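The values are calculated or read from the model by the stated rules, or taken from the named source; none is laboratory data. In this text the structure is predicted, and so the values were computed from the model without any measurement. Cβ coordinates were reconstructed from backbone atoms using ideal geometry, including for glycine residues, and neighbour counts include every protein chain displayed. All accessible areas refer to the heavy atoms of the entire protein, side chains included, with ligands and DNA or RNA removed. Shrake-Rupley method; radii C 1.70, N 1.55, O 1.52, S 1.80 Å.
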Amino acid sequence: MPTLLTWPDPIAAEVDSAVTACLAAEGTLTPAEHQRLISAIDALQQRVATHQWHDDPVAYFRTRDLLTVAQFVETAAYPSQRQSAP
């Protein structure tokens with residue numbers, strides 16, 4: 001996770017916060033934390049879908065990796081609820 005947080009990015013900070021909260025609570029997020037995580041996932045999915053990545057492949061892989069981590073946290077915290085589309 002530290003290598004994904006090298007740029008000042010509020011969405012990455014939300015994902016980091018969700019990872020920390022999920023680990024601290026042994027897999028559970030509060031409703032507010034879960035909503036922030038869902039918002040972060042949606043924002044990352046939008047970035048992946050709308051950015052022109054040919055000029056910055058590093059940013060693409062960073063965004064893709066953040067999205068993967070966020071989706072893992074969502075699955076860990078709420079395995080039977082909404083699962084984000086890849």
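Brief remarks on what is shown
- Single condition Glu26 does not satisfy, out of (1) open to solvent by 30 Å² or more (accessible area, probe 1.4 Å); (2) at negative phi: (2)
- Boolean, Ala70 is of a type in the set (Gly, Ala, Ser), assigned to a helix (DSSP H, G or I) and within 11 Å of Ile11 (Cβ to Cβ): yes
- Residue, farthest from Val73 (Cα to Cα), within the stretch 19-35, restricted to residues that are outside any helix (DSSP H, G or I) and aliphatic (A, V, I, L, M): Ala25
Here is a yes/no grid of residues against (1) over 19 Å from Ser80 (Cβ atoms); (2) at pLDDT below 90; (3) open to solvent by 90 Å² or more (accessible area, probe 1.4 Å); (4) not in a helix (DSSP H, G or I):
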site	(1), (2), (3), (4)
Ala13	yes, no, no, no
Ser17	yes, no, no, no
Leu37	no, no, no, no
Ala40	yes, no, no, no
Ala43	yes, no, no, no
His54	yes, yes, yes, no
